[in-house]
Amino acid sequence: MMKKKGDKILRHTASERINHWVVVIVFLFTAISGLGFFFPSLNWFMNILGTPELSRLLHPFVGSAMAILFLFMFFRYLKYNFIDKDDLVWAKNIHKVLQNEEAGDIGHYNLGQKGIYWMLSISLILLTVSGIIIWRPYFAEYFSIPVIRIALLVHSLSAILLIITVFVHAYAAFWVKGSIRSMIEGWVTRGWAKKHHPRWYREILEEEKKEAEKQSQK
Ligand code: HEM
């Protein structure tokens, strides 16, 4: 999957990038309309999908679109997000990481990114299940009032968890220079890969070596 483009290394394919930014857009519509329903002082957020009535109608559909589109990301990145022993080295040296140094032989993602991935996944599962239970007029009638009350609480708490997680994720993305470009243009420099994800970089070098050997045999 990783291809060489001169000094550039492909980190995210076009389809991954499109998937990511469409999820961001649907997330913004869902989160803003949801905050509008929840906080009286933010009721004016309900105009985000046209009118407050339209927001109420569309919020569950837009939320479902986010969950379905995120599912592609979930399966795409699952293999990179299992925690390993180098992640513990990263965690023990978090003070260095906060000073812009790197720690541990990091692969495709570091422990912080893995944590974000699992927080996003857990909050989206909770939001989807609780959202279906409270979805009037389609599904809510199949559940008792106490179940709907619990689902409302779970929906609100997991929405807050998702919003905070996305803020931390976006902050980290802007903080690590070169990350945003990788999600817009797709590529990172060799220096970036070596500094932030040394084990991933070595895997790429291996792939390139194999590719070069194949070419020379032709
Ligand atoms: C404005 C908000 C956002 C920005 C600026 C942003 C930026 C980025 C960037 C730069 C990466 C690549 C990181 C790397 O390759 O090292 C990334 C990866 C990713 N993003 Fe976002 N993102 C945002 C919102 C979201 C949202 C709303 C979701 C899902 C609900 C999301 C889910 C992911 C996932 C699953 C990855 C794969 C990496 C991982 O597992 O941590 N992002 N994002």
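Each value in this text was obtained by applying a stated rule to the coordinates, not by laboratory testing. Predicted model, so just to flag it, every value in this text is computed and none were measured. All Cβ positions, even for glycine, are placed from backbone atoms using ideal geometry, and neighbour counts span all protein chains on display.
Pull up segment 169-185, narrow it to residues that are closer than 22 Å to Ile32 by Cβ and surrounded by fewer than 14 Cβ atoms within 10 Å (Cβ to Cβ), then point me to the one that is farthest from the ligand (Cβ to nearest atom).
Tyr171
Going by the conditions given, is Ala14 closer than 19 Å to Ile132 by Cβ, out of contact with any Ser or Thr (no Cβ under 6 Å at 6 or more places or on another chain) and either within 16 Å of the ligand (Cβ to nearest atom) or of a type in the set (Phe, Trp, Tyr) (or both)?
So Ala14 does not fit the description; no.
Restricting to segment 33-67, name every residue that is in contact with a Ser or Thr (Cβ under 9 Å, 6 or more places away or on another chain), under 30 Å from Ser182 (Cβ atoms) and among the aliphatic types (A, V, I, L, M).
Ile48, Val62, Ala65, Met66, Ala67
I need a count of the residues in segment 139-166 that are in contact (Cβ under 8 Å) with a residue 24 or more places away in the chain and either assigned to a loop (DSSP other than H, G, I, E, B) or not aliphatic (A, V, I, L, M) (or both).
Matching residues across segment 139-166 total 4.
Pick out the one residue from Leu42, Leu58 that is surrounded by fewer than 16 Cβ atoms within 10 Å (Cβ to Cβ) and either free of Cβ contacts under 8 Å to residues at least 24 places away in the same chain or in a helix (DSSP H, G or I) (or both). If you could, list the steps in order and put the result at the bottom.
Working: Leu58 fails: surrounded by fewer than 16 Cβ atoms within 10 Å (Cβ to Cβ).
The match here is Leu42.
With (1) under 20 Å from Leu161 (Cβ atoms); (2) over 14 Å from the mean Cα position of the chain (by Cα) as the list, and Gln113 as the residue in question, which single condition is left unmet?
(2)
Please give the number of the condition Ala14 fails out of (1) exposed (fewer than 12 other Cβ atoms within 10 Å of the Cβ); (2) in contact (Cβ under 8 Å) with a residue 12 or more places away in the chain; (3) closer than 21 Å to Ala172 by Cα.
Result: Ala14 passes all but (3).
Return the residue satisfying two criteria in turn: it lies in segment 118-127 and is surrounded by 20 or more Cβ atoms within 10 Å (Cβ to Cβ) and more than 11 Å from Phe70 (Cα to Cα), and of such residues it is nearest to the ligand (Cβ to nearest atom). If you could, list the steps in order and put the result at the bottom.
To start, the set of residues in segment 118-127 that are surrounded by 20 or more Cβ atoms within 10 Å (Cβ to Cβ) comprises 120, 123-124, 127.
Filter once more, so that each one left must be more than 11 Å from Phe70 (Cα to Cα): 123, 127.
Working: Ser123: 8, Leu127: 10 Å.
Ranking the qualifying residues of segment 118-127, first place goes to Ser123.
Quick one: is Lys195 in a helix (DSSP H, G or I) and closer than 16 Å to Arg11 by Cα?
Values: in a helix (DSSP H, G or I): yes; closer than 16 Å to Arg11 by Cα: yes.
Yes.
Collect the residues in segment 88-117 that are free of Cβ contacts under 8 Å to residues at least 12 places away in the same chain, part of a loop (DSSP other than H, G, I, E, B) and within 10 Å of the ligand (Cβ to nearest atom), keeping them in residue-number order.
none
If Phe143 passes every condition in (1) under 24 Å from the mean Cα position of the chain (by Cα); (2) surrounded by 14 or more Cβ atoms within 10 Å (Cβ to Cβ) but one, which one does it miss?
Tallying (1) under 24 Å from the mean Cα position of the chain (by Cα); (2) surrounded by 14 or more Cβ atoms within 10 Å (Cβ to Cβ), Phe143 fails exactly one: (1).
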